[in-house]
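Student: My questions will all concern the structure given below.
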Amino acid sequence: MFLSRYLDYTKIKGQLANAITITNLSFGIIAIILIARDLGHMSLVFIFLAALFDRFDGLVARHFQSESLFGKELDSLSDIVSFGVAPALLIYMTDLSSMLWVGIAATIFYIAAGAIRLARYNVKEFDGSFYGVPITAAGVLLTLSYFLSPYIGPPFFVIFMVFLGLAMISNVRIAKV
């Protein structure tokens, strides 16, 4: 009760979206650690949780009118970890490590394309549409492709990662839902 006069609730509300973004980042990091420990199947849960939290950080920021350039940059940095690095490493460790340099090249291309897509998003004025497939969607699709691993060989995953990378850096206009 006495603390309530010392707390500035507007500042707390203003940082709620950033806390959600940090949770997204944390889930992405946990997924990467699980992949490194050869627990890729468990990392799926954390990549999907990161996607769930990524969906809500922007909604919360808009609801509390706390959108900021800092929050936009933090969200992009979190997204490259959770939907760039984590899904790419999952597929690399599961299917592409046997194709050493080709697998490494496809992994780097996918992550670099995601970074380029996020950088382009951050410097352009948002007009209600995305240009290129958002990295969250690409990361979720790549993560879902993990379930195809027992049935499809490594060349499919190379092609799929290159396709998703090209889709992210394309100029295809996609309306925000």
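The values are calculated or read from the model by the stated rules, or taken from the named source; none is laboratory data. Here the structure is a predicted model, which is why all the values come from computation and not from measurement. With ideal geometry, Cβ positions are generated from the backbone for all residues, glycine too; neighbour counts draw on all protein chains shown. For accessibility, only protein heavy atoms count, side chains too; no ligands or nucleic acids. Shrake-Rupley method; radii C 1.70, N 1.55, O 1.52, S 1.80 Å.
Student: Give the residues of region 116-138 that are touching a residue at least 24 places away in the same chain (Cβ under 8 Å), among the small types (Gly, Ala, Ser), open to solvent by 30 Å² or more (accessible area, probe 1.4 Å) and part of a helix (DSSP H, G or I), sorted by residue number.
Tutor: The answer is Ala119, and nothing else.
Student: Checking Thr107 against (1) open to solvent by less than 70 Å² (accessible area, probe 1.4 Å); (2) more than 15 Å from Val158 (Cα to Cα), only one condition comes out false. Which one?
Tutor: The single condition Thr107 does not satisfy is (2).
Student: Does region 71-93 contain any residue that is under 28 Å from Gly153 (Cβ atoms), touching a Gly at 6+ places or on another chain (Cβ under 8 Å) and open to solvent by 60 Å² or more (accessible area, probe 1.4 Å)?
Tutor: Yes, the conditions are met somewhere in region 71-93.
Student: Looking only at region 5-44, which residues are β-branched (Val, Ile, Thr) and modelled with pLDDT under 90? Reasoning before the result, please.
Tutor: First pass over region 5-44, keeping only residues β-branched (Val, Ile, Thr): 10, 12, 20-23, 29-30, 32-33, 35.
Listed by number, the residues that qualify are Thr10, Ile12.
Student: Return yes when Asp75 is under 19 Å from Asp38 (Cα atoms) and of a type in the set (Asp, Glu) and no when it is not. Lay out the reasoning, then the answer.
Tutor: Numbers: under 19 Å from Asp38 (Cα atoms): no; of a type in the set (Asp, Glu): yes.
Spelling it out, it is not the case that Asp75 is under 19 Å from Asp38 (Cα atoms) and of a type in the set (Asp, Glu).
Student: Got a number for residues in region 141-168 being in a helix (DSSP H, G or I), surrounded by fewer than 19 Cβ atoms within 10 Å (Cβ to Cβ) and of a type in the set (Val, Ile, Thr)?
Tutor: The qualifying residues number 2.
Student: Would you pick out the residues in region 15-41 that are under 16 Å from the mean Cα position of the chain (by Cα), open to solvent by 70 Å² or more (accessible area, probe 1.4 Å) and closer than 15 Å to Asp54 by Cα?
Tutor: Ile22, Ile29 - these are the residues of region 15-41 that are under 16 Å from the mean Cα position of the chain (by Cα), open to solvent by 70 Å² or more (accessible area, probe 1.4 Å) and closer than 15 Å to Asp54 by Cα.
Student: Now a separate question. For region 37-81, which residues satisfy the criterion of being among the hydroxyl-bearing types (Ser, Thr, Tyr) and in a helix (DSSP H, G or I)?
Tutor: Taking region 37-81 as the starting set, the residues that turn out to be among the hydroxyl-bearing types (Ser, Thr, Tyr) are 43, 66, 68, 76, 78.
Residues satisfying the conditions are Ser43, Ser76, Ser78.
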